[in-house]
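FYI, it's all coordinate maths here, none of it is from the lab. Only a predicted model underlies this, so the values are computations on that prediction, with no experimental measurement involved. Cβ: placed from backbone, ideal geometry, glycine included. Neighbour counts: every protein chain shown.
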Amino acid sequence: MKIAELRVTPVAFADPPLRNSTGVHEPYAIRTIVQVRTDEGLEGAGETYGGQSIVEGIEAARPLVIGQSPTRLECMRMAIRDPHVYSPIEVACLDITGKAMGLSVSELLGGPIRNQVEFSAYLFYKYEDENDDWGRVMDPEAMLREAKRFHRTWGFKCHKLKGGVLKPEEELETLRMLREHFGDSHQLRIDPNGVWAVGTSIRMGKAMAQYNMEYLEDPCSGMAQMAEVRENVPVPLSTNGVVTAWSHFPEAVELGPVDVVLSDHHYWGGLVATKYLGHVCEVLGLGVSMHSNSHLGVSLAAMLHAAAVTPQITYACDSHYPWVKEDVIRGEMFRFQDGCLDVPRGPGLGVEIDPEKLGRLHEKYLRAKQARRDDQRLIRTYEPNWVNRFPRW
Ligand SMILES: [Mg+2]
């Protein structure tokens, strides 16, 4: 069985005006769908970040993929080199091999150690938008309402607050209200996206310890700065900012910036790499959680298989999926229950691309004219006096 065809389709889907430390989500989130087809007619799917550069990267890898066997993952990984480019191709090839063998992707990768994966409620401060009914969420009270609705609708018991948006004291007040409302059986984490100064991070880290935080994610930027914060706060630190590649580990071992590393198969280099990451972190005494960007169901299926085969992922995984209203997968969208999703049984990934839906979201991509994600582009329509500052607080 040889790979005969590689199709790369950029797509866009509606995204609410969610806030983060650097700006606001644009009306469309962009992603890239990869479809690999063999000479025997089997087809596999992968998904990754959106934007011109990743599309070009995957297109450039075409000669390294066509003619290969979909089981020769290591050869393709070594030839492609870029983990961002390799990841969706690996996922699509695993999808094909799983279908050929009648096995799910997690069965192929050593077998699932869990059949269900727990997720966190990804709570965003946000502006009002005519296309969604979440309203304006720009103060602690409104955020508590958002969190209650997340819990009521999908049953999440872990709450991740995207921070670095309001004044640190207001975000602390938000954490206080969340802890008071949900009680000690729920988990709380906050991610200011590296926008707090070291002094602010230490002050806030000490103050939030009373709310029994699961972890504080990237309060500030820089490995040494994170290490300084970690030395001075009683709350565990996590990151998808300072340990995001294998080459970061030697310095991380030396400085000790975090307690928990966020996996993400899209940039660590696929599902096999996620298993390696779990093992490396275990050896180093680090915990493993899972990072998310805005994504569709193909990525979500891959994330589920990754979590199913990586025993070291013991934290609820992050996912933007509750904010997504349209998808490229056939049939129903995924729906969280009790904060969890079942790992698809396969064969392969367990999801199929719906060509009509793919075409629709590709049309949206063409109309959106967003060649890359830019959270700065629209922020001044909401905050006319916006000034870029780093650190902000
Ligand atoms: Mg983060």
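What to note about this one:
- For the range 268-340, the Cα-based Rg and Dmax, in that order, read 13.2, 42 Å.
- Each peptide in 244-255, 23-34, 206-217, 52-63 was scored by the mean count of other Cβ atoms within 10 Å over its residues; highest first, the order is 23-34, 206-217, 52-63, 244-255.
- Relative contact order (%) - the chain, alpha-carbon pairs under 8 angstrom, separation at least six: 23 percent
- 24 Å tail of the calculated P(r), the range 1-119, as % of Cα pairs: 35 percent
- Full extension of the chain segment joining Arg360 with Lys325 gains 11.3 nm, where the gain is 0.36 nm per residue of separation less the Cα-Cα distance.
- Its Cα gyration tensor gives the range 125-211 an equivalent ellipsoid; the semi-axes, largest first and in whole Å, are 22, 17, 10.
- Using a Förster distance of 45 Å, the FRET efficiency for Glu130-Asn232 (Cβ separation, nearest 0.05): 0.50
- Between Ala207 and Arg372, the FRET efficiency estimated from the beta carbon spacing at R0 = 45 angstrom works out to 0.80.
- Projecting the Cα atoms of Leu94, Ser104, Asn212 onto the dipole axis of the chain, where Lys and Arg carry +1 and Asp and Glu carry -1 at the beta carbon, places Leu94 farthest toward the positive end.
- Stretch gain in nm, segment Val283-Asp259, where the contour uses 0.36 nm per residue and the Cα spacing is subtracted: 7.4 nm
- Treating r as the C-beta distance of Glu56 and Arg345 and R0 as 30 Å, the FRET efficiency rounds to 0.30.
- In nm, spacing of pseudo-spin labels at Thr244 and Met333 (7 Å Cα→C-beta vector): 2.6 nm
- Mean-position separation - Cα centroids, the range 208-276 and the range 280-351, in angstrom: 20 Å
- Taking a quarter of the surface of the Cα convex hull of the range 116-342 gives a mean projected area of 11.9 nm².
- Counting charges near Leu94 (Lys, Arg +1; Asp, Glu -1) among other residues having Cβ under 14 Å from its Cβ returns a value of -2.
- Listed residues Pro347, Pro355, Pro17, most fluctuating in the chain (Gaussian network, C-alpha, under 10 Å): Pro355
- One decimal place: the segment Glu74-Tyr276 gains 71.4 nm when fully extended, by the rule 0.36 nm per residue minus the C-alpha distance.
- Reciprocal mean inverse distance between Cα atoms of the range 182-295 - Kirkwood radius, Å: 14.3 Å
- Highest-MSF residue in the chain out of Gly135, Gly350, Gly241 [GNM, Cα springs under 10 Å]: Gly135
- The alpha carbons of the chain stretch over 59, 48, 36 Å along the principal axes, in descending order.
- Among Val280, Val288, Val343, the largest mean-square fluctuation in a Gaussian network model of the chain, built with springs joining Cα atoms closer than 10 Å, belongs to Val280.
- Between the range 133-173 and the range 44-78, the Cα center-to-center distance that results, in Å: 38 Å
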